[in-house]
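The values are calculated or read from the model by the stated rules, or taken from the named source; none is laboratory data. Remember, predicted model here, so these are calculated numbers, not experimental data. Don't worry about glycine lacking a Cβ; one is built from the backbone with ideal geometry, like all the others, and counts go over all protein chains shown. The area values use the complete protein model at the heavy-atom level, side chains included, leaving out ligands, DNA and RNA. Shrake-Rupley method; radii C 1.70, N 1.55, O 1.52, S 1.80 Å.
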Amino acid sequence: QAKNAGRNTVRFFDPAMQLAASARAEMEVDLRKALQEEQLVLYYQPVVTANGAITGVEALVRWMHPVKGMVSPGEFIPLAEQTGLILPLGQWVLEAACAQLVAWSADPHTQRLSVAVNVSARQFRHPDFSTHILDLLRTTGANPYRLKLELTESLLLTDFEEAVLKMSELRSIGVSFSLDDFGTGYSSLAYLKRLPLDQLKIDQSFVRDVLTDPNDAAIARTILSLAKSMDLGVVAEGVETAGQRDFLLAAGCHAFQGYFFGRPVPVEQLQLRPL
Ligand code: C2E
Ligand code: MG
Ligand code: MG
Ligand code: MG
C-alpha cells in the first residue's frame with residue numbers, strides 16, 4: 001500500500017492523481033469522439049464600437065458533452081494541445097468560421113462582419129499552417145479580409161522568423177492578425193516592432209480593475225498609446241461595465257468586447273446591430 005511506503009513516495013499512489021490521470025484519459029477518448037460526432041459548436045461574441053454597433057465577432061469553441069453538458073475551452077483546449085487533437089479541432093473551427101463568413105456575405109447587413117479565430121501554438125507551428133488556411137479560403141470562398149487570426153505572445157516567441165514569414169504570407173492575401181491577451185506574456189517591444197500585426201487585444205486582467213487600480217489604468221493607457229504610435233488597432237477584452245467602457249473610450253479605445261455588450265452565444269442568438 002502507498003501509505004506504508006512512507007511519506008516520500010505517497011504522491012506516486014495518490015488516488016486523486018490517479019483519478020486525474022484516468023479522467024484525462026477518458027476525456028481524450030471523449031474528445032476524439034466529439035470531433036467525429038460533431039459535438040463541437042462555435043459560439044460568437046460581438047466586437048463592438050462604443051455605442052454597441054457590432055463590427056465583428058470572436059469565435060469561441062464549446063463542447064456539448066453528451067453527459068457533462070457544455071464544457072468550456074479552458075478545460076479541453078490544453079488537453080487537445082497536448083495530444084495533438086488540436087490540429088483536427090483547430091481545422092474544424094476554421095472551417096466553421098469560414099462557413100459563417102460565407103453565410104454572412106450574402107446579406108448586406110452582415111457582409112462586413114469579421115470573424116476572429118483563436119489559433120493555438122501547435123496549430124500555428126505546423127509547417128502547413130498557411131497552406132491549410134489558403135486552401136480553406138479558396139475552397140469555401142470566404143473573404144480573407146474578413147478573417148482575423150488571434151495569436152498569443154508565447155506562441156510567437158519560439159521560431160520568431162518562421163512566425164513572421166507565415167503571418168506575412170497570409171497578410172499578403174488579406175488575412176489579419178491580432179495579438180491576444182496582450183501584456184500577459186513576455187514579448188519585448190523589439191519583437192513587437194517586427195511582427196506583422198494588425199491589432200492588439202488588451203487582456204481582461206487589466207480591464208477588470210481599470211477603474212480602481214492605478215497600475216491597471218496605466219497599463220491600459222500605455223497599450224493604447226503604444227498601439228496608436230505603431231498604427232495598430234486595439235480591442236479591449238472583458239468589458240463588463242459602462243464605467244470600464246467610458247474609461248477606455250476616454251483613453252482612446254474604440255473597440256470593445258465583453259459581457260457588458262454581449263456574451264458568447266450561438267449564431268442564432270447574436271444581436272446583429274450592424275455598423
Ligand atoms: P480568449 O481568446 O482570450 O477569449 C476570451 C475569453 O474571455 C472567452 O472565454 C470569453 O468567453 C471570455 N469573456 C468575454 N467577455 C468577458 C467578460 O466580460 N468577462 C469575463 N470574465 N470573461 C469574458 P472562453 O470562451 O471560455 O475561452 C477561453 C479561452 O479558450 C480563449 O481565451 C482562447 O484562448 C481559448 N479558445 C476558445 N476558443 C478557441 C478555439 O477555437 N481555438 C483555440 N485554439 N483556443 C480557443
Ligand atoms: Mg481570443
Ligand atoms: Mg484574450
Ligand atoms: Mg485568454
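What are the pairs with Cβ atoms under 9 angstrom where one residue, in segment 218-237, is in contact (Cβ under 8 Å) with a residue 12 or more places away in the chain and β-branched (Val, Ile, Thr) and the other, located anywhere, is part of a helix (DSSP H, G or I) and within 16 Å of ligand 2 (Cβ to nearest atom)? Sequence gap at least six, or different chains.
The qualifying pairs are Ile219/Phe206; Ile223/Phe206; Val234/Ile223.
Based on this model, can you work out whether Leu134 counts as among the aliphatic types (A, V, I, L, M), more than 15 Å from ligand 4 (Cβ to nearest atom), assigned to a helix (DSSP H, G or I) and at pLDDT below 95?
So Leu134 does not fit the description; no.
Got at least one residue in segment 71-90 being open to solvent by 20 Å² or more (accessible area, probe 1.4 Å) and over 23 Å from Val29 (Cα atoms)?
Scanning segment 71-90, I find no residue that is open to solvent by 20 Å² or more (accessible area, probe 1.4 Å) and over 23 Å from Val29 (Cα atoms), so the answer is no.
If you go through segment 197-219 one residue at a time, how many are touching a Phe, Trp or Tyr at 6+ places or on another chain (Cβ under 7 Å), within 22 Å of Leu149 (Cα to Cα) and either of a type in the set (A, V, I, L, M) or surrounded by fewer than 19 Cβ atoms within 10 Å (Cβ to Cβ) (or both)?
Going through segment 197-219 one residue at a time, the tally reaches 4.
Rundown of residues vs (1) over 30 Å from Thr184 (Cα atoms); (2) within 16 Å of ligand 2 (Cβ to nearest atom); (3) open to solvent by 30 Å² or more (accessible area, probe 1.4 Å); (4) free of Cβ contacts under 8 Å to residues at least 12 places away in the same chain, yes/no style:
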position: Ser105; (1), (2), (3), (4): yes, no, yes, no
position: Gln111; (1), (2), (3), (4): yes, no, yes, yes
position: Val117; (1), (2), (3), (4): no, yes, no, no
position: Phe124; (1), (2), (3), (4): no, yes, no, no
position: Thr131; (1), (2), (3), (4): no, no, yes, yes
position: Leu147; (1), (2), (3), (4): no, yes, no, no
position: Leu151; (1), (2), (3), (4): no, yes, no, no
position: Leu155; (1), (2), (3), (4): no, yes, no, no
position: Thr158; (1), (2), (3), (4): no, no, yes, no
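Any idea how many residues of segment 249-266 are touching a residue at least 60 places away in the same chain (Cβ under 8 Å) and open to solvent by 70 Å² or more (accessible area, probe 1.4 Å)?
Within segment 249-266, residues that are touching a residue at least 60 places away in the same chain (Cβ under 8 Å) and open to solvent by 70 Å² or more (accessible area, probe 1.4 Å) number 2.
Residues being among the hydroxyl-bearing types (Ser, Thr, Tyr) and surrounded by 16 or more Cβ atoms within 10 Å (Cβ to Cβ): count how many of those fall in segment 161-190.
Initially, segment 161-190 is screened for residues among the hydroxyl-bearing types (Ser, Thr, Tyr), giving 168, 172, 176, 178, 184, 186-188.
Filter again for surrounded by 16 or more Cβ atoms within 10 Å (Cβ to Cβ), leaving 176, 178, 187.
The total comes to 3.
Tell me which residues, restricted to segment 101-141, are of a type in the set (A, V, I, L, M, F, W, C) and more than 16 Å from ligand 1 (Cβ to nearest atom). Before the answer, list the steps.
Pass one, segment 101-141, residues of a type in the set (A, V, I, L, M, F, W, C): 101-104, 106, 113, 115-117, 119, 121, 124, 129, 133-134, 136-137.
Selection gives Val102, Ala103, Trp104, Ala106, Leu113, Leu134, Leu137.
Go through segment 86-131 and give me each residue that's among the small types (Gly, Ala, Ser), assigned to a helix (DSSP H, G or I) and more than 16 Å from ligand 4 (Cβ to nearest atom).
If the condition is that a residue be among the small types (Gly, Ala, Ser), assigned to a helix (DSSP H, G or I) and more than 16 Å from ligand 4 (Cβ to nearest atom), then Ala96, Ala97, Ala99, Ala103, Ser105, Ser130 are the ones that fit.
Restricting to segment 138-166, what's the tally of residues that are within 16 Å of ligand 3 (Cβ to nearest atom) and basic (Lys, Arg)?
Keep residues of segment 138-166 that are within 16 Å of ligand 3 (Cβ to nearest atom), which gives 148-156.
Within this subset, residues satisfying the condition of being basic (Lys, Arg) are 148.
Count: 1.
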